[in-house]
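Heads up: the structure comes next, in structure tokens.
The values are calculated or read from the model by the stated rules, or taken from the named source; none is laboratory data. These figures come from a predicted structure and were not determined experimentally. Heavy atoms of the whole protein, side chains included, go into the accessibility calculation; ligands, DNA and RNA do not. Shrake-Rupley method; radii C 1.70, N 1.55, O 1.52, S 1.80 Å.
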Amino acid sequence: MNRLFLIEGKNTPKISFDPDTGNFLVIGKSYPESTERFYKVPLQWLKKYCEEGDPKNITVDLNFEFISSASVICVLQLLKQMGQLRAKGFNIKVKWHLQDDDDDIKVTGESLESLCGGLVFEYVPF
Amino acid sequence: MILVLTRIMPETYSEAIEEFCQTRCDSIKEKFAKSPGSELILANCGDLSEDNVDSILSYVEIRLKKDGEPKGLIKKVFTIVVESLQNIRIHGTDDSEGVKASFIVIGREKQSYQIWAGNLTASNMVGEIKTSISKIKGLKPSAIRQVYLKLLSFGKFTDKGGGGLGLITIALKSDNNVRFAFEKINENLMLFKLNARVSAN
């Protein structure tokens, strides 16, 4: 499969899913008005990858400066797709990046971790 | 400096609805003008375009940083403003002439920021909104967090959006210092208003 790459927008994150290296990255601000529409593309890509990809090591780097409530729903959907990959034999490592003093992002990460069906987050301060 | 984006309503607006929103917005602005130690930061009344949203959010972030507010406070205020604006844009009802009248006012009092937002709502939607609000009424933040997680666990959008997650997020960021109210405009339309307070301490 080809790599998925979405450039960062004024209120959308940069998304890079590279099936060759196993590096999956979502970084930036996420508060698009049409949240479902924006995240449809990476979700569909992940679904297809789940159907076609061969098990390997995947590192998911999530680094949100700001994330709206609607975006949290979509990121949870992304993580549940990662859970499907794990069920297929992929080794998934999730890194939740956060600034030391950003309790808000930390709590969001913990909320997502508690709901994404067994994926364990590594919290990476910067 | 105050950013006021109030614009003149186009002639196609329903005049009564225009006046309804404008007077609500004006009364909040007046309150700030009269209250010692208070400062109006931003007011926007009218149809809320995507460009307005961008301007408002950009201004809020720059202004609070310039005022030297701590990062955590800026984030809370910014979050409430984002969720309020998206509530207006996504869930606000059009009036009979297809205009989505609304207002947002942000002000600083001595020890807190206040955000008011209002949008039109179809009368037949009020019950559902009240149901969402009732889930968090009187709850402590820790209990609201549980409501938030339960809603989030559904993990999907319905035709009604995120199921009230935005309003609950506003409640979380304000430590449940948020009030909601409905004012009847006519048989089919209500004005939904929210007022959230974020402590600056």
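So, with a 1.4 angstrom probe, what is the percent of accessible area on the protein assembly as shown that is carbon and sulfur?
For the protein assembly as shown, the apolar C and S fraction of the accessible surface comes to 50 percent.
To one decimal place, what orientation-averaged projected area in nm² is obtained for the convex hull of the Cα set of the range B:69-118?
With every direction weighted equally, the projected area is 3.7 nm².
Take every Cα-Cα distance within chain A, group them into 10 Å bins from 0 onward, and report for each bin the whole-number percent of pairs it holds.
Spelled out bin by bin, chain A gives 13, 49, 34, 4, 0 percent.
Hey, which aspartates and glutamates would be in cross-link range of B:Lys71, C-alpha to C-alpha under 12 Å, not counting anything within fewer than 8 residues on its own chain?
A:Glu65, A:Asp100, A:Asp101, A:Asp102, A:Asp103, A:Asp104, B:Glu61
Please state the equivalent ellipsoid semi-axes for the protein assembly as shown: what are the square roots of 5 times the Cα gyration tensor eigenvalues, largest first, in whole Å?
37, 21, 18
In straight Cα distance, which lysines are under 18 Å from B:Lys66, not counting same-chain residues fewer than 8 positions off?
Counting by Cα, and skipping residues close in sequence, B:Lys66 has these lysines nearby: B:Lys75, B:Lys76, B:Lys110.
Considering only protein heavy atoms, what per residue accessible area in square angstrom results for chain A with a 1.4 angstrom probe?
The answer is 47 Å² per residue.
For the pairs B:Lys29/B:Lys100; B:Lys173/B:Lys193; A:Lys106/B:Lys31; A:Lys95/B:Lys65, note any where the Cα-Cα span goes beyond 27 Å.
Correct reply: A:Lys106/B:Lys31; A:Lys95/B:Lys65.
When all protein chains stay in place, what accessible area (Å², nearest 10, 1.4 Å probe) is found for A:Arg86?
100
Kindly compute the accessible surface that chains B and A hide from a 1.4 Å probe when together, both sides summed, and give it to the nearest 100 Å².
Rounded to the nearest hundred, the buried surface is 2300 Å².
If you build the Cα gyration tensor of the range B:14-118 and take the root of 5 times each eigenvalue, what three semi-axes come out, in whole angstrom, biggest first?
The three semi-axes for the range B:14-118 are 25, 17, 9 Å.
Given a 1.4 Å probe and the protein chains all in place, what does the accessible area of A:Glu52 round to, in Å² to the nearest 10?
My reading of the accessible area for A:Glu52 is about 100 Å².
Using alpha carbons only, how many angstrom separate the centre of the range B:162-193 from the centre of the range A:1-80?
Centre-to-centre distance over Cα atoms comes out at 31 Å.
Which value, in Å², gives the accessible area per residue of the range B:92-201 when a 1.4 Å probe is used on the protein heavy atoms?
Result: 46 Å² of accessible area for each residue.
Based on the Cα atoms of the range A:1-71, what semi-axes does the equivalent ellipsoid have, where each is the square root of 5 times one gyration tensor eigenvalue, given in whole Å with the largest first?
22, 13, 10
Using only the heavy atoms of the protein chains and a 1.4 Å probe, how would B:Thr93, B:Thr121 rank by accessible area, largest first?
B:Thr93, B:Thr121
So how exposed is A:Tyr123, as accessible area in Å² (1.4 Å probe, rounded to 10)?
70
Would you mind estimating how fast chain B diffuses translationally, via Stokes-Einstein at 10 °C and 1.306 mPa s with the Kirkwood radius over Cα pairs, in µm²/s?
Once the numbers are plugged in, D ends up at 92 µm²/s.
Give the whole-number value, in cubic angstrom per residue, of the convex hull volume spanned by the C-alpha atoms of the range B:116-158.
So the per-residue Cα hull volume is 108 Å³.
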